[in-house]
Every structure is written in structure tokens, then in C-alpha cells.
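Data first, discussion second: the structure below is written as C-alpha cells.
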Amino acid sequence: MNTYWKFGAIVAVIIGVLAWLAMGGVTESKTYYKEIKEVTQMGDRAHAEKLRVNGYVEQGSIVRNGAQVSFVLHQTPGMLQKDPVRLAVVYSGIDPLPDTFKDNAQALADGRLGQDGVFHASKVQAKCASKYEAKPQMKTDATQPKAQARS
Amino acid sequence: MENIGALSILLAFCFAVYAVVASVTGRLKKNSFLIVSGQRAVYSVWLLLTVAAGLLIYSLLTGDFRLAYVAAHTDSSMKTIYKFTAWWGGQEGSLLLWAWLLSTYSTVVVFMNRRKFRDMMPWVTSVLMTTEAFFLILISFVLSPFGVLQAGRGNLVEGVGQGLNPLLQYWTMVIHPPMLYLGYVGFTVPFAFAMGSLITKQPGDAWIHTTRRWTIVTWLFQSAGILLGQGWAYAVLGWGGYWAWDPVENASLLPWITATAFLHSVMMQEKKGMMKVWNMVLISGTFFLCIFGTFLTRSGVVSSVHAFAQSPIGKYFVIFLAVGIAATVILILERLKYLKSEARLESVVSRESSFMFNNLILVASCFAVLWGTMFPVISEAVTGEKISVDAPFFNRINIPIGLALIFLTGIGPLIAWRRSSVESLKRAFLVPTIAGVALMALLAALGAYEHPFALVSFGLCMFVTATIFIEFWKGASAIRAKNGIGFIPAAIELTHRNTRRYGGYLVHMGIVFMFIGYTGAAFDVDVTKEVAPGGTFQLSHYDVHVVNIEQGENDTYAWQRLAVDVARAGKALGTLYPERRLYKASQQPTSEVAIRRRLNEDFYINFAGLSADNRRAVIQAYVFPLVSWIWIGFWVLAFGTIVCLIPNKVKLSYARTQVVGMAEKHAPVQN
């Protein structure tokens, strides 16, 4: 029995350490995944937490100023400046912006909301809708005639 | 033609269902005609799916843009090879690839084992074909690869096509998905055998012996798939990373981790008859994680930089997983009494316990990665807020886990079964420990103390390398003394006598090389500069001189290319040509980075674009120390795995010395 006790104790220690590391990891890197309209509803918490905001880059809004890049995100694709659900973003990270980051692309910005209402992103990812899969509107085209093909 | 393709898939589905029904009924009613007809149905499924896949490939190659799939994933200017690989460039095609691979595996398995295991095989067939039927439901009723674009509805000009994403037009991407799929799909086979042996109440290890090669080959495919993905990310995505803990990457890692644990813990069952339940759990877990991985990549449940397909197939996967897992759990619980352990754990310092710790740590790592990947889904369900965790979370847990694993890699194979004395431990580990500590001291003196994890990692890599080298050296010296041959032939002879053990050491060595490569990342340096032609900048000990910017275009893309002279300490190292392309069909820009690969470090340069005034080039330059060792490590790992598959030279005469439970250090403890 003794061996099993020893073994159990070591297992408990290992799991304990890993759990502790996991807790620390979560606290350090947790990011709230928010839509643009939700950011405005968060109130003061929006300034306190790390956020990840998903949106579509406004056509022509990307401005490069030295190392900084600013742009505007919208909740839904293809919106113009008058759309109220918008978020101004300033990116000043080290990594280059991905190739897929361009007008109308869907982008994920990680960072914090400043008191000025501008979102300061430290990381921007862009997903090109066609990267692995056809665009959603293509999708419907592709799925609808299926019945036809089978019949 | 698309009708024939769709019909083939539909018929294949019917045959798969028939194979399940016929095998089960045949087995229960002891009707061998039904069983044989079930087997033939398996072959028919393969034939039908081969026809369907052939038709899809033909449509892709000939550019039949009436088909939605062809139009969405190829264009007429693409190279033939990429037209072919568009087979798995999208959702429907890759599901067809899954189904086709599974039917190929099933056919081989059924054909090879149809006369062996007469009572188990019908069950194996039915498990394989149930999985097959599930995937065929997806491609025959939900997402057909043979959908036709309706006239006037297509949002593209007929005859051109949208093209395969240019980022995927790269050689490793050509073979990465099929490799990964060969791995994903392959674990269905050992799982089916495990279930077959449970259903037929066969307590023995027949299923493990039969599927050992399958498991190893499958594991190799999966390792290759993961590594190719890393190699692709490194060379194509332009930021020099090879792993970002993205959900899709994690999805491929999860079953690999449990499979690695399985490969180790089956040895406990073969040698000592222990951990039988655990092995069942591991192989089932691996199989379901493979399905889960496909689900994760294919359903859009967790968002990712890899733009997931948002598609209706998620719920089908959830149902399949839920039913499958429930059935497996019930079956294992039902058969617990046939899975009793034949030996007991005798000491904490023993081979047995090192296997257990290896398993524990691997499974903990798997659990942590799974937890982190699913964190947004879990947190949304619990708190209503979607919270994601990032690379720091994964690194924090997996770096210590990785170090612990590499430590066990060193000590596990050398500890005796049952129990080890302090004396034997000292004999085995004194020299490796000194070597490891000496290396750490040296590196610390050179300034590496700022990166404690890296320091420990290098020390442990040295430690493991020393243990492996000593093993080869001791064994080969004995043979050399006896036979009077050189050291290298003696080492080959040694390996040939016990391929599993020494092949295993080679695999471990490959892992050590990969760890050296990953550890190098602690010392990465980078810089971002805007430089006009004629300008220079410095990074680390490299002097970089931008010579000029050229541009041009061809049928597929327009390009801008930078010529960059690289020198170190006044000595010219050559010219690099990083390039930017804009693909015409998809209007997508890509960067073609230029890399000067060396064993000690890579110099990596990315042309990120032109500055706002169009006069200066935006350049990101990186130095990645030791990164080549990751790829070298993979080749060593692959070589070692293949060695493991070679049969031992003299099986019988060697096996006589083997007494289970009495194995000392030089007995053929297989590894």
C-alpha cells in the first residue's frame, strides 16, 4: 500500500502544480471576446479588461502613420462611416499586420479600450474569408443546388 | 458526371450501412455468408468512393466550373498540382478525402485480417463502417462535393474560378492535410480492434499486437502532418512562427498527445499485463479526439485565425461524438472484469512508474490544451461571457510539462522494471547528469541565465542525449569486442537485434533535437525598418543592405521583389530576395519570405510592403536561433519510427533470454 500512497502523493503534487500554473495562465491571458456593440454596453469594465473585438474593416479607413496603423471596425461587413456601431482602433504592435488585413476584411483586434474611446490594439489578426473556405454567400450557392445534383 | 459522383457516394453510404448490419447479424447468427458479404461491402465502399474521388479530381483538373466546389477552389491559371490538391482545399472535398482514406484503410484491414480473428473481425468491420457511414452522411446529405452552381446565381465569371488561396499554394501545404488526415483516420483502426476485443470479451493483447504497426505508422503520419504545418507556417505566413496555439493547431496536437501516451502505455500491457483499462481509454480517447479535431476545424464552433467554415455539420459531429463516447464508456464499464491488471506497482522508482508519470503528464497536457481551446465555449456556457485564453496560458503549462517529459525521456528507458536500487541509478545516470549540469554551467556563464527555462531545457537535452549515446555505445562496444567489427556496423547490428528499443531511442533523439529547436525561440531577435533602396540596417551581427526594388507580373500574380545583401563582420553572405505578390484571381497579397537557413540560426527577412510614400520598403528581419533542429529532429524521429517497424534480426534466439519481470538493464526491455 505504501507504494500506492507515495505514488498518489506525487500525482497529487504534479496535478496541483499544473492546476496552479493553469490558474495563473488564465488570469494572465484571459481576454473577453466582445462584439463592437457589446463593448459600448460594458461601461467601465470595458476599460479594465483585455478585450478581443471582432469586426469588419471600413473601406478606406486604414491609415498608416509610421509604426502605428489606425482603422475603423464595423459590426457588419460593408458599412460606411455613418454606421453608428463602429470602433476606432489604433494598432501599435511589433508584429507586422497580416497579409489578409485589408479593406473589408474581417479582423480580430486584441487590446484595451482607452478612456478616449479609441481601442488600442496590441495584436491584430485578420481572417480572409476565403482562406480555407468559400465566402458565406458562396456557401449558399454551393449548398442549394445540392438536391438538384443528387436527384 | 456530377450525378455519377453523387450517386457513388450515396451508394457507398448504403453499402457501409449494409456492411454494419451484415457483419453484426452474421456474427450473431453465426452466418458466415453474411459476414463475407459484409466484407465485400467494405471493398465496394472503397470502389465507389474511388470513383467519386476520381470524378472530383477529374473535374478539378479539367476545370469544370459548373461545379460549385471546382469554381470555389481552383482557377484556370493554377498549376496542375494545385488543382489536384484543391481536392482537400475545402470542406466538401476534405470530407470526401476523409471518407476515402477510411475506406482504403478498412479495405486493407479487412483483407489482411479476414482469416485471423474470425470472431472479432465482424465487430471491427462494423465499427469501421459505422464511422464511414457517418462521414458519408455528411457528404451525401449535407455537404455534397458535387453541388452544381445554378445559372445566374454564381458570383463569379464562368470559366475562371476563384482560385485556391495563394497561401496554400506551397509544397508543404500540398502534403500537410493528407498527412494529418492519414493520421486522424488511421486511429479508427486500432480503436475498432480495441472495441472488437472488448465486445468479444477477449482479455488478451491480440488487438494490441495486431494494431501495433498501424498505430506506429499512423502516429508517424500525424507527426509528419503537424510538423509540415509548422514548416508551412514558418516559411509562408511571414512572421516566422511555427506554433500559435490556435484552435486548429491544438486540434491536431490533442490526438497526437494521447496517441503518444498510448504508444508508451501499451508496453506496460505487453510486458506486465498492467494498465489494460487505461489503454482502452487512451485509444478511445485518441479516436474521439481525432473526430473532435475534425469537428473543431470543420464546424466553426471556436473562432480562429484559420477562417473556419461556418457550416451546418457541427450538430452531426456532436451527435456522433455523444453517441460514440457514451457507447464506448458503457462498453468499457461493462467489460471491466476482463481488463484486470496482472501485476502490481512495486516501487515509485521503477520502469512502471516512469511509464505512469509519462502518461499522467501527457494526459494532463492534453487536458490543459483541450481546456484552453474550449475555454471560450466553456466560459460562455458558465458565465455567459466568451473569454478566450492565449499563448501565455498554453506556454505556462506546457513548458514545464515539456521539460518534465524530456526528463522522463532520459530516465524512463534506463530504470529497471519493478524497482531500481540507488546503486543502479547512480551507475546509469552519473555521467549524463554531469554532462547536463556542465552544459548548463557553460551556457549560464555565456549569459543564458536570463532564460532559466531555456537553460534547463538545454541541460535536459544534453542529459537525454548522453543517456542515449551511452546505451548505443555500451551495446555496440560489446558486439564490437565479440565480433571484431567497427563501431558503426556494431551499432547497426545492435539496432537490428532489437529494433523497437533502439528505434525508440532514435525517436527520443529526434524529440530532443526538436526541443533544442523550440528552445532556441527564447533567443529570437527581430527588427522592423522602413528602408529606401541603398539604405542599410543592422540586426544582431548581420549587416543588411537593401539594393533595389523590382516589380513585374505574370498570369497568376503581380510581384514586387527586394534584393537584399546580407553580410556579417564585413564578409558578404549572399543576396536574399524577399517578395510580395498580389494574386489576381483572389486579389490576395502574400509575402514570399527569404530565409538563409543554417544549423546555428536562420536569418529570416520579410518584405512587408511599401511605406505610405511608396519610396521605402517596410522590412521585418528576424534571427531565429536553432530553428533548423526542429526539422532535423523530425527526420530523425521519422527514421527512428521506421526502424521500430523493422522486425528484429533474430527473434527466437533473442527472446529466450527474456524473462518477464526479471529484465535487467541489458535485457531486451523494449522501448
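The orientation-averaged projected area of the convex hull spanned by the Cα atoms of region B:2-49 comes to 2.7 nm².
For A:Ala9 and A:Gln115, the FRET efficiency from 1/(1 + (r/R0)^6), where r spans their Cβ atoms and R0 equals 60 Å, is about 0.75. Of the listed residues B:Glu493, B:Glu550, the order by accessible area with a 1.4 Å probe, largest first, is B:Glu550, B:Glu493. Where the alpha-carbon atoms of the protein assembly as shown are placed on the principal axes, they occupy 80, 73, 56 Å, in descending order.
Put the Cα centre of region B:432-455 next to the Cα centre of region B:5-35 and the gap is 61 Å. Roughly how many Å is it from the Cα centre of region B:586-601 to that of region B:376-405, as a whole number? Going from one Cα centre to the other spans 30 Å.
Counting only Cα atoms, chain B measures 76, 69, 59 Å along its principal axes, largest extent leading. The residues of the protein assembly as shown expose on average 42 square angstrom of accessible surface per residue, using a 1.4 Å probe on protein heavy atoms. With both labels modelled 7 Å from their Cα along Cα-to-Cβ, the B:Val318 to B:Arg344 distance reads 4.7 nm. For a paramagnetic label modelled on B:Ala441 (point 7 Å from Cα along Cα→Cβ), amide N atoms under 17 Å away belong, within region B:399-430, to B:430. Per-residue extension of 0.36 nm, minus the Cα-Cα distance of B:Glu423 and B:Thr528, leaves a gain of 32.2 nm for this segment.
Placing R0 at 25 angstrom, the Cβ-Cβ distance between A:Asp103 and B:Tyr577 gives a FRET efficiency of 0.30 after rounding to 0.05. Largest accessible area first, the listed residues A:Phe101, B:Phe13, B:Phe453 line up as B:Phe453, B:Phe13, A:Phe101 when surface is computed with a 1.4 Å probe on the assembled protein chains.
According to the square roots a ≥ b ≥ c of the eigenvalues of the Cα gyration tensor, what is the shape class of region B:390-532, taking rounded for a/c under 1.5, prolate for a/b larger than b/c otherwise, and oblate for the remainder? Prolate.
In this calculation the C-beta distance from B:Arg596 to B:Ala326 is compared with R0 = 41 Å, giving a FRET efficiency of 0.15. Maximal additional length on extending the B:Ile57-B:Leu336 stretch stands at 95.7 nm, based on 0.36 nm per residue less the C-alpha distance.
Taken one residue at a time, the phi angles of region B:24-39 give Karplus couplings (6.51, -1.76, 1.60, θ = phi - 60°) of 5, 4, x, 5, 5, 8, 6, 9, 6, 5, 4, 4, 5, 5, x, 5 Hz. Gly and Pro are set to x. Can you give me the Rg/Rh ratio for region B:393-451, using Cα atoms for both radii and the Kirkwood formula for Rh? Taking Rg over the Kirkwood Rh, I get 1.08.
Each of A:Glu49 and B:Thr383 was given a label point 7 Å from its Cα along the Cα-to-Cβ line. The distance between the two points is 0.5 nm. Ranking B:Ile208, B:Ile175 from most to least accessible surface, computed with a 1.4 Å probe over the protein chains only, gives B:Ile175, B:Ile208. Centre-to-centre separation between the Cα atoms of region B:215-234 and those of region A:1-80: 28 Å. Taking each residue as 0.36 nm, the span from B:Lys29 to B:Phe639 lengthens on full extension beyond its C-alpha to C-alpha distance by 214.9 nm.
Need one number: % antiparallel among DSSP beta bridges in the protein assembly as shown, to the nearest 5. So the antiparallel bridges in the protein assembly as shown amount to around 90 percent.
The values are calculated or read from the model by the stated rules, or taken from the named source; none is laboratory data. This structure is a prediction, so every number in the text was calculated from the model and none was measured. Positions of Cβ are backbone-derived with ideal geometry, glycine not excepted, and every protein chain shown enters the neighbour counts. Calculation scope for accessible area: heavy atoms of the full protein, side chains included, ligands and nucleic acids excluded. Shrake-Rupley method; radii C 1.70, N 1.55, O 1.52, S 1.80 Å.
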